[in-house]
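Here's the structure, in structure tokens; my notes come after.
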């Protein structure tokens, strides 16, 4: 990964685009950044990431805590009526869709590791760990990366809607690349110790300045060298 990162950084310099290290330094100074703190619980992170889809962190957190209050053991979620699981996770939104998906996911994990212990992912080669997670039903590259990064501190980059949007506007990802391709492209630019910072900084920038609609370019700390891909010229 480090070798790929050096060539990508050199390419950024030659084209005038920001290198990841520059983005991290500028956005850290502009927004601040909480230090990385791996939770150490990949199973909980897997469930929480499923619940976080298409909702806020606050709402997914409420849904997760209600789920654990109602079902202290994962086996209980699998055995429950889907309508009861749906009621427990309702604060997270899309409960009718997420409840059966959650039960299917937990059943698949139990089939592979009956104790729901995913600690082996910490020492498994990174690409193998991603592949193991992605073989589970409903787990894509973002969910797999969230589990590895936030639970185990491994350098897997989750590309959520903010990271994807900001990266494309900065010219780091080609406009026609898929989100799955964006994971590979961006992670290949980063040194392992840059992955968490890059993820968090671009999320903050996407939420607070580089909005999907009406980005606040006039006050953007990256405006000087941002190619603003996909945006109209500044008036």
- Go through 164, 193, 201 for me and flag whichever is over 18 Å from residue 57 (Cβ atoms) and assigned by TED's automatic domain parsing to the domain that holds residue 22. 193
- From (1) in a loop (DSSP other than H, G, I, E, B); (2) modelled with pLDDT of 95 or more, pick out the condition that doesn't hold for residue 138. (2)
- Checked 184, 166, 159 against criteria (more than 17 Å from residue 37 (Cα to Cα), modelled with pLDDT of 95 or more and part of a loop (DSSP other than H, G, I, E, B)); the one match is 159
- Note on the structure: Scanning the range 211-226 residue by residue, those closer than 12 Å to residue 30 by Cβ and outside any helix (DSSP H, G or I) turn out to be 220, 221, 222
- Note on the structure: Residues of the range 156-184 being over 19 Å from residue 212 (Cβ atoms) and buried (at least 19 other Cβ atoms within 10 Å of the Cβ), in sequence order, are 156, 157, 183
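The values are calculated or read from the model by the stated rules, or taken from the named source; none is laboratory data. All of these numbers come straight from a predicted model, not from anything done at the bench. For neighbour counting, all protein chains shown are included, and Cβ atoms are generated from backbone atoms with ideal geometry for every residue, glycine included.
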